[in-house]
1. Label-point separation (nm) for B:R283 and B:F134, each offset 7 Å from Cα along Cα-to-Cβ?
2. For the stretch A:103-174, what is Rg from Cα atoms divided by 2.2 N^0.38 Å, rounded to two decimals?
3. When the helix-only estimate is applied to chain A (DSSP H runs of n ≥ 4, each -39,500 (n - 2.57), divided by the residue count), what is the mean residue ellipticity at 222 nm, nearest 500 deg cm²/dmol?
4. Note down the net charge around A:L69, summing +1 for each Lys or Arg and -1 for each Asp or Glu among other residues with Cβ under 12 Å from its Cβ.
5. For B:R97, list long-range residues whose amide hydrogen, built 1.01 Å from N in the peptide plane, is under 5 Å from its own amide hydrogen.
6. Could you list, in their original order, any pairs among A:K168/B:K62; A:K170/B:K255; A:K81/B:K255; A:K266/B:K255 whose Cα atoms are separated by more than 30 Å?
7. If a/c stays under 1.5 just call it rounded; otherwise compare a/b with b/c (prolate if a/b is bigger, oblate if not). Do that for the stretch B:168-309, with a ≥ b ≥ c from the square roots of the Cα gyration tensor eigenvalues.
8. Could you tell me which of rounded, prolate or oblate describes chain B, using a ≥ b ≥ c as the square roots of the eigenvalues of the alpha-carbon gyration tensor, with rounded for a/c under 1.5 and, failing that, prolate when a/b is larger than b/c and oblate otherwise?
Amino acid sequence: MEQDRTRGVGANGDGGAAPCPLFELAGVHYSYHGAIPALAGIDLAVRAGESLVVLGANGCGKSTLLKLLDGLLFPDAGEVKAFGTRLSEAILETDDFRRRFRSRVGLVFQNPDIQLFCSTVLEEVAFGPLQLGLSPGEAAARAGDVLGLLGIGALRDRSPLFLSGGEKKKVAIASVLSMNPDVLLFDEPTATLDPRTCHWFGELALTLAQSGKTLVTATHNLHLAERIATRILVMGEDHRVTAAGDPAAILADRALLVGANLIHAKEPFRFPI
Amino acid sequence: MIPSWLGKSNPAPAPTMRGDVGRVTFLEKTIAATAAFTESAFLNDSLADRHGLLQVVEPRCKLAAILALIITTSFARSPLVVWGIYGFTLFLAALSRVGGRLITRRVWLFVPLFAGVIALPAMCNVITPGEPLFVVTHLGKVREIGPYRIPAELTVTRQGLLSAALLVGRVAASVSLAGLLTLTTRWDRLLGALRLARVPQLFILTLAMTYRYLALLVGTAAEMHEARLSRTVRYLSSGKERQWVASRMGFLFRKSWCLSQEIHAAMLARGFDGEIRTLDPQRVTGRDVSFLAAMLAVCGGMMAVDRFV
C-alpha cells in the first residue's frame, strides 16, 4: 500500500514504484466556456489494477476529470495520455484507436438518464458490444450474461426510460460492463441510490477490482471510498489535487476532509467508519 | 438564526372548500396533453411489438413500400384514387392491429390545421372558377381586390371541391402512411432502415438525438409546471401565464442543447461512431419481398386507375 500522501497546491497523485500507468495527466487545466474553471493543474497517474477513488465536494471537477480520462473532453492546457498515447480529438477520430480505446475504457455517467436511450434494457446493454463489432448473437449473449450477473435479467424487455432510479443505475453499469473494459470510470455511482443499492455497488466494485479491472470512482461518499479504494485522491474546491495516497491515512485526516468539504467541522466522523 | 417571521405559524387560514370548484387551466391541460401525446406517439413501442402484418415485415421493405404508396399518392390526380389509397391505409392499419381510431384521430388533428386552411378557400369560385354547386353568400356587387376579382355570388365550384378533396386526401393518406410506419416500427430499427436507404448520416443522427432526449425534456417540462403549481397561491393573468410559458420554452431550449451534448458524449463513450447497429437486424425474407411486390402492385394498379378515371 502506498504511503506517499502529499498535500498542497499541485500535489501529485503518483505513487512509488508501480507498473506503467494506464493514464498520465500532466499539468491539466480545463474550464467550461473558457470562464468557469473545473480543473487547475492536475497531475495524476492511474495504474493498472488499482481502485482509485477521487474524493471531492460538489463542483470540484471530479466529473470533468473522468470525462478527460474517457476522451470526451480535452484539456485547455497540459496533456492526458492513455496507454502511452496523448489523447486528442484527432486521434480519437482514428477508427482503429477509437475502437481499441472505447473497448478498454468505460464510463458510467452520474445521470443514468443520459446514458439510457435504447428501446429495451437488452438492447441498451447490447449497444456497446454491437458498436465494437460483435455479431448480434454474441452481443445478445453477452448482454444476457451481464444482466444475470447484476440480477436484473427480469428487466430485459422493459423500456429503460420507465425504470426506478436504482434499476436505471444498474442498467447503466450493465451497459458499460457488457463492453468488458479494462478500466471502469464511475461518476458518483451511489448518488441518489438507497442504502441497499449502495451496498450492492460496493460489492460489485470489489468483485470487479478482484478480477483485475482498474477502477476510478469519483464520489464524495466516504463510506464507499473506505470500502473500495486502494488509493484516494482528494480534490479541493480550488479544482486542484489536495492530497493523494493511502486510504487509511487520508480518511483518518479530519482536517484534510474538513478542508476539502467532505465532512463538516461539527460532524462526528471517525475512521474506520 | 432564522428570521422571526419564519418562526411564526403561517397566518393563512386552513384550506376549506367554498364556492365553485375551480377549472383546470388551458396551460395545465396543454402540458398534460403534450406529455401524454409524446409518450404515446414516440415513446411507446407497444404497437410495434404487436404481431400484425406490418410489424413482421423487415423495416427496409416496409419503408420502401410506404414510400412507394406516398409517392403514388403525390402523383395521383384523381381524388377517387387518393381516397382509395387512404382507405387502403386504414385496411393495412387494421391488419397490423393498429386501432383505426388512433390513426384517424392523429391524422385528422393536423389535416384541418395544415391542409384545411388552404383547401377551404380553394373550393370557392374566387380561387377556382368553374361549375357552381351551391351559393355560400351574396356579396351584392363584383369587387376587385388586387389580382382577385370577387364575384357578386360566392359559390363552391365542382372543380374547387375536387381540388380540395384531392389536397386533403393527399395529406390524409400521406400522414396516415407515415404514422403507420412509425407506429409499427421501433425507432431504432426505423433509423437503421433509413441509414441503409442512404439517408444522410447527419439527418439520422439528428433524428436519433431528438428522439432520445424528447422523453427527458417532456418530463422536465411537466416537473417545472408542477413545481410552479405547488407554489401558486393565486392564478395569474393569461398574459403572465404566456410570459411564463415563453420563458420556460427558452429554458428548455438551453437545456436541450446541454442534454444533446451529454447524450452524445454518453454515446461516444460506448463506441458510437455514427453508424446505428441494432441487436437483431432482420434479414429480408421471401415474405418481405412478397409484401413489397404486393405493395408495388397496388401502387401500379392505383396509377393505372388514375389514368383512366
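Values in this text are rule-based calculations from the coordinates and carry no lab data. On a predicted model such as this, the values are computed, not experimentally measured, just so you know. For neighbour counting, all protein chains shown are included, and Cβ atoms are generated from backbone atoms with ideal geometry for every residue, glycine included.
1. My value for the distance between the label points is 6.0 nm.
2. Taking the Cα Rg and dividing by 2.2 N^0.38 Å, one obtains 1.00.
3. -10000 deg cm²/dmol
4. Every neighbour counted, the sum reads +1.
5. Result for B:R97 returns B:L53.
6. A:K168/B:K62; A:K81/B:K255; A:K266/B:K255
7. Oblate.
8. The shape class here is oblate.
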